[in-house]
Structure formats: structure tokens, C-alpha cells
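*Asks:* For reference, the structure I am asking about is given below.
The values are calculated or read from the model by the stated rules, or taken from the named source; none is laboratory data. Only a predicted model underlies this, so the values are computations on that prediction, with no experimental measurement involved. Positions of Cβ are backbone-derived with ideal geometry, glycine not excepted, and every protein chain shown enters the neighbour counts. What goes into the accessible areas is simple: the full protein's heavy atoms, side chains included, and nothing from ligands, DNA or RNA. Shrake-Rupley method; radii C 1.70, N 1.55, O 1.52, S 1.80 Å.
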Amino acid sequence: MRGDTNADVATQVAVVREAERLGYSVVWAAEAYGSDAVTVLTWLAAHTSRIDVGSAVLQIPARTPAMTAMTAATLDALSGGRFRLGLGVSGPQVSEGWHGVRFAKPLARTREYVDIVKLALDRKMVRYAGETYELPLPDGPGKPLHLMLHPVREHIPIYLAAIGPKNVELAGEIADGWQPVFFSPAHAEPHLEHVRAGRARAGLGLEGIDLSPTVPLVVGPDVATCADPVRPYAALYVGGMGSRQQNFYNDLAVRMGFADAAKEVQDLYLGRDHDAAAAAVPLEFVDGTSLLGPVERIADRMQEFAAAGVTTLTVSPYASTLEETIATLRAAAEALDKSGVGE
């Protein structure tokens, strides 16, 4: 389940406690340039006892890799071994505009960042010489150090949020999990080819990685009506997340076969006609990347996601009240039972 960091604290805790009662495996928190994920996850971990807490994602430009390792080890200890570390490079607007970090060599930066995090979590002496990171800094007083804290687990799972083909391949090679967005079972195979290529480079098989897409969830009798609250989210990402020259989500929609619609949505969104941009998002795109409709249809769709290789299906409930959110979570749990997935 994906938490809503804009919800009030009491609502967040109530929703996550209900998810834990229903048997959900993990709750994720995101960060952009509002609330940070770590504080939210620490609070949720303190109010739960079994459900995992995960970042989806911690922004790579926001923290040094050593700081991320310290944070992961600390949160894993405080939660009793329930933390999952999701990482992502963010985008150029946030990286350069908010964090003041150049959005340069994202592939190399991600690989080296994960290398250093793993070194630190393994409590090895951190010495590293890469394209984007060098530790200790040369010609200065710095010296190699190792993590003072002893992690409670031998291994904290690392996930990567990746969109482009090379990033997806990198996730397959160096991560324990891949966190895709706008994942559609009908369009999954090209992405899985890149995951397999990365796994093969590491001498591993596809079965060893957790494929964990986030999918909007709206329960109701009519699919088209259920799609309406998801359209603004899709329009924001496909149309407005980034620039006309560089929008990874728009590129993804193009690769999925929605080139004309992606251009129209972007033109409308950047022209500040957000309502028209949302209306222009094809129903096929929203439905293909979401769980929409009555419980029985959602159960069928869960089977499709599982058949496409998904191992952890992260649902993001679209509801306006606490009661509606809890009812949506219960409906998804019912749909999972009906689907037979995981039995």
C-alpha cells in the first residue's frame, strides 16, 4: 500500500493500521519537495508492529550515500527489521532546482550511490573512486570510515525506481526490487527484457527480484467513472512532470504506444489547461495501469499483474475520506482473495 503524505497524521496511522490488520505486506511513503519520507515512515513504524515500511523513494540528490546508509540502518533497527530502501534519482527540475545538485550522469550516479550504500551497510571501510563520488576526498584530512551502528539484519532490501530502458536494466543488475510507475501488464514484456538483461549481467535470474509497481485503485461499478479521479495524476506526470524536452513519463507513454495522446496531454498541460489535459488521457492508458471497477474485475486484473511478473502490487487508493479509503483497502483485500494469487 502507498501512503498519502498529504493526509493528516491520525488518518495516516488509521489507514496503515487497517492495512496491517488486513495483511498488507508493506506501506510506502514518497517524497518530492514537501514532506520527507523518512520522518513519515518512522512515525508509521512506531504505530505498527508487523507491516514493512518502505521509501518510494528517497531522492538520491537529497542525501549523501553515507547518510542514506545511516538512515536505512537506523530505521531498520527502530522498526525491528521492517525497512525497505527505495531510491531514485528524481528529475532535473527537482534535483537542480530544489537540491542544487546537477542532474548529470544519472546512471553512473545511481550505480555508485548504491555501491557506497551497500559498502556502508555491510560495515566495510568505505573507500570509493568513481565518476561521481570519491571517498575520502583526495588531498584533505578525510579518512576511510565504517558504519558504527550494527544493522539488525544482514541485508536491507534496496529498490530502484526506474523508467528508461537503461535505468530498468540497472535496477535488474544491482537492486533487490524494481519500482515501476505506469506499469501495464499488456505492455510489460519490453520492460521485463531489460530487467532480465540486468539480472543476467549479475549472474541472476528474474525470480530473485521483487517487481513492485504502484497502481491507482478505485472501486466502483463503472470503469470509466472510476478512471476520472486518476486522470489528473496521469496528466500531471505525462504532461507536466519535467519539460517539453525532457519528461521521462511522457517518453514512457510514447513507448507504450500512446504517442499522439502523450503529445496532446503535454501540450494542454504546459499550456495550463490542466482539466483538458486530464480529459485527454486515454481511458486505455488509465485502465491499463490501474485497478478500476468492481471487486470481481479488480480480482481479474490482479491475476493479469501477477502473470506479468509482479510480485508485490502496491495499491494507491483514491478516496476522499478515511472511511472510503479503508473500504477501498478492504475491497482490494477481498479481490486478492478472489483472485487466488499467491495461494
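For every residue, the table says whether it meets (1) in contact with a Gly (Cβ under 9 Å, 6 or more places away or on another chain); (2) exposed (fewer than 15 other Cβ atoms within 10 Å of the Cβ).
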{"site": "256", "(1), (2)": "yes, no"}
{"site": "287", "(1), (2)": "yes, no"}
{"site": "291", "(1), (2)": "no, no"}
{"site": "296", "(1), (2)": "no, yes"}
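So that you can scan it fast, the table gives a plain yes or no per residue for (1) at pLDDT 95 or above; (2) under 18 Å from residue 156 (Cβ atoms); (3) not aromatic (Phe, Trp, Tyr):
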{"residue": "38", "(1), (2), (3)": "yes, yes, yes"}
{"residue": "43", "(1), (2), (3)": "yes, no, no"}
{"residue": "65", "(1), (2), (3)": "yes, yes, yes"}
{"residue": "90", "(1), (2), (3)": "no, no, yes"}
{"residue": "100", "(1), (2), (3)": "yes, no, yes"}
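*Asks:* When residue 54 is evaluated against the numbered criteria (1) of a type outside the set (Val, Ile, Thr); (2) farther than 19 Å from residue 150 by Cα; (3) at pLDDT 95 or above; (4) not in a strand (DSSP E or B), which criterion, by number, is the only one it fails?
*Replies:* (4)
*Asks:* Run down 230, 223 and say which single residue is surrounded by fewer than 18 Cβ atoms within 10 Å (Cβ to Cβ), β-branched (Val, Ile, Thr), at pLDDT 95 or above and in contact with a strand residue (DSSP E or B) (Cβ under 8 Å, 6 or more places away or on another chain). Quick ask: steps written out before the conclusion?
*Replies:* Details: 230 fails: surrounded by fewer than 18 Cβ atoms within 10 Å (Cβ to Cβ).
Exactly one residue qualifies, and that residue is 223.
*Asks:* Against the definition (of a type in the set (Ser, Thr, Tyr), open to solvent by 70 Å² or more (accessible area, probe 1.4 Å) and under 18 Å from residue 33 (Cα atoms)), how does residue 64 come out, yes or no?
*Replies:* So residue 64 passes the test.
*Asks:* Go through (1) free of Cβ contacts under 8 Å to residues at least 12 places away in the same chain; (2) over 30 Å from residue 327 (Cα atoms) and name the single condition residue 228 misses.
*Replies:* Of (1) free of Cβ contacts under 8 Å to residues at least 12 places away in the same chain; (2) over 30 Å from residue 327 (Cα atoms), only one is false for residue 228: (2).
*Asks:* Then there is this: Is there a residue in the stretch 316-336 that is surrounded by fewer than 18 Cβ atoms within 10 Å (Cβ to Cβ), part of a helix (DSSP H, G or I), touching a residue at least 12 places away in the same chain (Cβ under 8 Å) and among the acidic types (Asp, Glu)?
*Replies:* The answer is yes; a qualifying residue exists.
Residues are listed down the side, and each one gets a yes or a no for (1) crowded, with 17+ Cβ neighbours inside 10 Å; (2) more than 22 Å from residue 321 (Cβ to Cβ); (3) in contact (Cβ under 8 Å) with a residue 40 or more places away in the chain; (4) of a type outside the set (S, T, N, Q):
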position	(1), (2), (3), (4)
39	no, yes, no, no
48	yes, no, no, no
91	yes, yes, yes, yes
103	yes, yes, yes, yes
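*Asks:* Restricting attention to the stretch 149-168, does a residue exist that is assigned to a helix (DSSP H, G or I), closer than 12 Å to residue 60 by Cα, touching a residue at least 40 places away in the same chain (Cβ under 8 Å) and among the charged types (D, E, K, R)? Walk me through it before giving the result.
*Replies:* As a first pass, look at the stretch 149-168 and keep what is assigned to a helix (DSSP H, G or I): 165-168.
Restricting the remaining residues to those that are closer than 12 Å to residue 60 by Cα gives none.
No; the residues of the stretch 149-168 include none that is assigned to a helix (DSSP H, G or I), closer than 12 Å to residue 60 by Cα, touching a residue at least 40 places away in the same chain (Cβ under 8 Å) and among the charged types (D, E, K, R).
*Asks:* When you check residue 244 against the structure, is it among the basic types (Lys, Arg), in contact (Cβ under 8 Å) with a residue 12 or more places away in the chain and open to solvent by less than 20 Å² (accessible area, probe 1.4 Å), yes or no?
*Replies:* On the way: among the basic types (Lys, Arg): yes; in contact (Cβ under 8 Å) with a residue 12 or more places away in the chain: yes; open to solvent by less than 20 Å² (accessible area, probe 1.4 Å): no.
No: the conditions fail for residue 244.
*Asks:* Quick one: which of 215, 286 is among the aliphatic types (A, V, I, L, M) and not in a helix (DSSP H, G or I)? Please lay out each step first, then the result.
*Replies:* On the way: 286 fails: not in a helix (DSSP H, G or I).
After applying the criteria, what remains is 215.
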